[in-house]
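In what follows, a structure is listed as structure tokens, so that the remarks can point back to it.
The values are calculated or read from the model by the stated rules, or taken from the named source; none is laboratory data. Owing to the predicted nature of the structure, the values given are computational and were not obtained by experimental measurement. Virtual Cβ from ideal backbone geometry, glycine too; neighbours counted across all protein chains shown.
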Amino acid sequence: MQKYKYIILFLFIKSFIYSQSNHQFSGKVVDEKNEPLSNVNVILKNSKKGTMTNSNGAFVLNYSGKKDYVTFSYIGYKSYSAEIDSTKKSLRIKLEPAPVQLPEVLVTNLSAEELLDKAILNIPANYPQEEYLSKIFYRASILTKKDSLLYVEETMFEQVKSYSKNYNDKTFLVKNRNFNFLNKEFGIKGIGIYDNVKSLAHKGRRKSKNVYSYGTPVYFDGGLTYVIEINKESEKESVTKGKIFVDIESLALIRFELSNNNQTVTTQYKKIGEKYYLFSQEINNQNETRNGGYGNVKALFVLTEINDTFNINDIKGTLVSEDEIIRTYANQDANVSFWKTHNSVLPDTLTQQKINKFVYEQGLSTKSSGVKEIEAYEKIYYPHLSLRLSTDIPNDINSLSQNSVSLNLLTNHLLQKKLKNFYLKLLVPSMVNVYLISPFEEIELERELLSISGLHTKMNPFMFNSLDRSYHYGLSASQLEKFKTTNYRGFMRLHTLRGEYHYLKTKILEEDIVKTDMSNRNNKYNYLSMYFMDLISNRTYNIFYSQLKDKTLKTKDLTKSPLIVDTHKSWVKYLFEQDRTFSSHIKSDMLTAEEQKYLKRSAILSWMNLISAPMLSIDKFPISENISATFSLNYLRIPFGEMTEQNVWIKYRRQLNGLFIRQYMNKEKLGYGIEYKMYNTKLSKNLSLTSLIDYWNQPATLNFYDNSLKSGFHVGQELECKFGQDRYSQQHRISFYIGYDYKTKGYLPENLELNKQFKVNFGVKVNM
């Protein structure tokens with residue numbers, strides 16, 4: 001027992017020591033306009049650890065937690081230093097521009113070429129001559145011409161280095177991982193590190209057809225620098241050009257900005273302690289992939305730690321050739337735990353999401369043999385699969401439609417896991433939705449409308465009952481006649497609710513598509529297998545059902561007689577003949593020529609529903625660099641006639657906006673309406689706000705024969721608080737919401753109430 005006590009004590013001490021040596025410090029660096037600054041040098045003074053900010057201005061440093069000073073430096077800006085310890089977790093740093101004043105010290109009799117030669121002679125004094133061990137992070141990526149990410153490689157390696165003459169550096173590969181986002185073989189052709197100072201120390205300055213001159217001095221790393229500009233003698237010459245920055249005080253070479261042919265290289269040296277060290281390098285290289293022609297290769301190298309007093313046991317990596325640091329697929333490790341405990345440069349948000357997805361997929365494939373690529377993506381592709389529990393379910397068609405969509409998608413997912421044939425994957429889930437799930441939801445929606453009016457029914461929702469698949473029972477014809485007489489608009493709504501339900505499902509499905517990157521072929525596959533047939537069935541609802549022959553009931557039990565046998569023919573009949581006595585079964589021969597013509601016209605207009613870019617998996621048409629749009633059309637039968645709608649979804653950067661232009665038509669008048677919706681405006685990390693506003697001109701009495709129009713409006717907002725974000729799929733597990741709606745008298749597809757209404761609604765969404 002005593003032995004185990006010592007073991008437990010040892011493990012506790014080890015855990016304590018580990019926790020003390022692995023503190024994280026993060027932050028963001030911005031400029032004077034509060035815009036993020038990328039490639040800012042971030043250095044810990046005492047521990048000699050460092051990193052750089054990413055394109056979002058963000059950084060993370062792992063360190064011991066002991067008191068230290070972190071310095072931030074960026075070309076053209078004043079350096080900033082701050083004290084940190086284990087109590088400080090993050091900082092927001094604003095760097096100020098450094099005004100360039102030209103002191104007398106800048107005046108020199110040396111030419112630019114002579115100054116460069118003098119700086120080369122000073123290399124032994126400015127750069128370490130003794131061996132030192134550096135830890136280095138390296139990221140290389142392949143991008144298309146439109147900056148679409150295809151491939152990323154990340155490497156941690158160590159380097160034993162010295163600037164003494166003729167010393168050969170030794171490179172040791174510690175860990176490498178790669179992320180291939182397409183099913184093609186990509187890889188970097190072995191881009192290495194260009195140490196300009198080391199090359200100049202060994203070989204001196206080569207005589208070339210370059211012209212050297214002085215440029216405007218720049219404030220950098222705490223002081224002013226000479227700027228030596230290098231240009232060609234002639235445009236025909238294929239020689240290197242660019243800038244070299246030389247510290248005024250020490251004449252140290254601290255920055256190179258050089259370009260040659262299709263390659264640009266920016267190399268930066270940083271004074272840490274008394275000496276200057278190679279700190280970072282950025283490389284832009286065109287068409288350097290193995291299979292060629294896929295776009296630009298971007299590489300980033302950053303020094304993350306210096307050890308001046310090392311021994312051979314401190315080296316953890318494997319010796320590799322000096323000219324090829326990246327070895328594709330060597331020591332591949334997508335495990336995030338290693339990379340999170342080593343300093344690196346944070347990827348930008350979109351790159352991180354892609355990497356997270358890749359890591360997640362790799363984890364799935366290692367846990368379960370035979371898991372296909374598409375099945376891994378499906379796990380990620382479900383931010384929209386949510387159960388919405390509302391305080392106003394009886395009058396919340398939106399929540400009912402959302403839950404129905406989620407139920408459909410879940411059914412699709414479960415069935416597709418069991419089905420092997422591609423065509424069965426398309427058809428079987430759709431048949432289940434069309435003949436089982438949708439009928440149940442349709443009849444439930446009608447039942448809720450009747451319940452609001454004080455009429456209670458039972459339902460039989462299954463497909464084998466009749467051609468219309470589902471019906472109510474428990475009400476007499478006299479009760480329905482009374483309902484028509486006392487609440488004609490509600491009675492007509494009973495005929496249009498199923499169409500409204502399919503319309504709302506269509507909108508929700510299309511919004512999901514618009515929010516998703518359809519340039520990814522895996523997302524397109526998911527769309528085809530899980531969305532397409534559902535969208536088709538919803539968008540063709542009014543087209544075909546209104547053209548069916550008169551329906552015959554399979555039941556002879558009059559107590560189970562449906563309320564309305566054919567909602568399409570009944571809808572047009574009661575639009576034209578509002579005083580007609582209620583009859584549950586309106587047949588074709590009961591319709592007048594005018595009514596038949598109107599129904600046929602309605603069926604033709606329903607073909608508008610097939611005009612939809614999202615239905616073709618088109619999530620965007622680019623307009624500019626930051627703006628894209630997509631569209632669809634809708635036709636809908638409504639209680640007082642018809643509604644057409646033109647939907648336009650606009651993406652500005654990451655913000656999605658919806659613009660819906662509507663036309664309301666009865667027999668006498670044409671009214672107009674417009675809805676504007678802002679989706680999930682981010683207020684903070686966990687808070688988002690969805691806002692919408694409607695304005696319309698509709699028939700004053702919401703009647704088919706009304707020849708006067710009346711304006712109305714609707715405003716609503718929903719505040720959502722999200723919790724439990726999944727690190728891989730980026731979706732939140734649960735969210736609470738509260739919202740309000742105010743509408744004047746008028747018709748909205750998503751609201752059962754036609755009169756003036758104000759309501760507060762709150763609930764929870766559970767994402768699966």
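Checking Arg290, Arg255 one by one, the residue that is modelled with pLDDT of 85 or more and basic (Lys, Arg) is Arg255 and no other. Ser250 meets the stated requirement of being surrounded by 15 or more Cβ atoms within 10 Å (Cβ to Cβ), at pLDDT 75 or above, outside any strand (DSSP E or B) and not hydrophobic (A, V, I, L, M, F, W, C).
Starting from residues that are under 30 Å from Thr516 (Cβ atoms) and part of a loop (DSSP other than H, G, I, E, B), keep the ones in segment 651-682 and report whichever is nearest to the chain's Cα centre (by Cα). Let's see the steps before the verdict.
So in segment 651-682, the residues under 30 Å from Thr516 (Cβ atoms) come out as 651-663, 673-682.
Subsequent filtering for residues that are part of a loop (DSSP other than H, G, I, E, B) retains 653-654.
Working: Arg653: 10, Arg654: 8 Å.
Among those that are under 30 Å from Thr516 (Cβ atoms) and part of a loop (DSSP other than H, G, I, E, B), it is Arg654.
Once segment 333-346 is narrowed to residues that are farther than 18 Å from Phe157 by Cβ and not hydroxyl-bearing (Ser, Thr, Tyr), the residue that is modelled with the highest pLDDT is Leu346. Within segment 678-693, being surrounded by 15 or more Cβ atoms within 10 Å (Cβ to Cβ), closer than 21 Å to Ala629 by Cβ and in contact with an Asp or Glu (Cβ under 9 Å, 6 or more places away or on another chain) holds for Tyr679, Asn680, Thr690, Ser691, Leu692.
Just give me the residues in segment 618-636 being of a type in the set (Phe, Trp, Tyr) and either closer than 30 Å to Thr496 by Cα or part of a loop (DSSP other than H, G, I, E, B) (or both), in sequence order.
Of the residues in segment 618-636, the ones of a type in the set (Phe, Trp, Tyr) are 621, 631, 635.
Listed by number, the residues that qualify are Phe631, Tyr635.
Applying the criterion of being over 20 Å from Asn657 (Cα atoms) and not hydrophobic (A, V, I, L, M, F, W, C) to the residues of segment 608-643, the residue that is surrounded by the most Cβ atoms within 10 Å (Cβ to Cβ) is Gly641. Among Ser466, Ser561, Ser519, Ser470, which is the only one that is at pLDDT below 70 and buried (at least 20 other Cβ atoms within 10 Å of the Cβ)? Matching residue, one of Ser466, Ser561, Ser519, Ser470: Ser470. The C-beta contact set for segment 169-181 (first residue in the same structural domain as His342 (by TED's automatic domain parsing), second residue among the hydroxyl-bearing types (Ser, Thr, Tyr) and outside any strand (DSSP E or B), distance under 7 angstrom, 6+ apart or interchain) comprises Asn178/Thr328; Asn178/Tyr329. Checking every residue in segment 48-56 against the condition of being part of a strand (DSSP E or B), surrounded by fewer than 16 Cβ atoms within 10 Å (Cβ to Cβ) and touching a strand residue (DSSP E or B) at 6+ places or on another chain (Cβ under 7 Å) gives zero matches.
The test for being under 25 Å from Thr240 (Cα atoms), crowded, with 20+ Cβ neighbours inside 10 Å and at pLDDT 85 or above does not hold for Val211. Gln129 meets the conditions (1) modelled with pLDDT of 90 or more; (2) crowded, with 18+ Cβ neighbours inside 10 Å; (3) within 24 Å of Phe245 (Cβ to Cβ) in every case but one. The failed one is (2). Screening the candidates Tyr740, Tyr747 for the property of being of a type outside the set (Lys, Arg), surrounded by fewer than 18 Cβ atoms within 10 Å (Cβ to Cβ) and at pLDDT 85 or above yields one hit, Tyr740.
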